[in-house]
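Heads up: the structure comes next, in structure tokens.
The values are calculated or read from the model by the stated rules, or taken from the named source; none is laboratory data. Predicted model, so just to flag it, every value in this text is computed and none were measured. Positions of Cβ are backbone-derived with ideal geometry, glycine not excepted, and every protein chain shown enters the neighbour counts.
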Amino acid sequence: MESIKRACKYFYYRFIRLQATPESLARGVALGLFISTTPTFGIQTFIALFLAAFLRCSKISAVVAAQLSNALTAPFIFLGTYYLGAVILDRPFDQAKLDGLLDGFEWGDVWASGLSAFTPLWEGFQDVFVSLWVGGLIVGLVLAAIGYFVVLGIDTKAHMQIIRAKKQVERLKRLKEKNAPIYEKID
């Protein structure tokens, strides 16, 4: 348990020492969280990096936050976003339809007929794909808003503490220079 606390503290200090404004870090985290819930698994890091550069927010925090969706969490995230999208769009999941699609698909047809072999798959998966996007966009917006305000609050507080500490060090240096004989006894 102590090692977990130490690791969390380490990442917290690494995060607040990033060379960016609190606003830029918060926007980067919000962007990364938003992208992590969209069905862009596999290219979300590149999308986060590109959009962070375009939107002028922290690239590091965007890429790190986009990793929320990884091999361990993706099934849960995509199942949840699919279910939310299906409920909103009133498109219930039909396992029999999915089984029929996969049973009818032959990889040998791809070589013979090219990309047109994928047409039945695409038509069958459109409901799933649209539901994933709708649910992902809604969950992504909520996570992005929460992440933005949490990071902005944490990072602003940390930056203010750093600024206060620097000012206090400067004040002590001025006092030491002003009253050098008094501080020599303390040192």
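Before moving on, here are some points about what is shown:
- Single condition W133 does not satisfy, out of (1) of a type in the set (F, W, Y); (2) at pLDDT 65 or above; (3) over 26 Å from the mean Cα position of the chain (by Cα); (4) assigned to a helix (DSSP H, G or I): (3)
- Contact map, the range 158-187: residues that are within 29 Å of Y10 (Cα to Cα) and surrounded by 10 or more Cβ atoms within 10 Å (Cβ to Cβ) paired with residues that are of a type outside the set (K, R) and at pLDDT 70 or above, Cβ distance under 7 Å, separation 6+ or inter-chain. Pairs shown: H159/P22.
- Single unsatisfied condition, A30 versus (1) modelled with pLDDT under 90; (2) over 21 Å from F129 (Cβ atoms): (1)
- For the range 65-85, a residue qualifies if it is hydrophobic (A, V, I, L, M, F, W, C) and in contact with a Leu (Cβ under 9 Å, 6 or more places away or on another chain), and the qualifying residues are A65, A66, L68, I77, F78.
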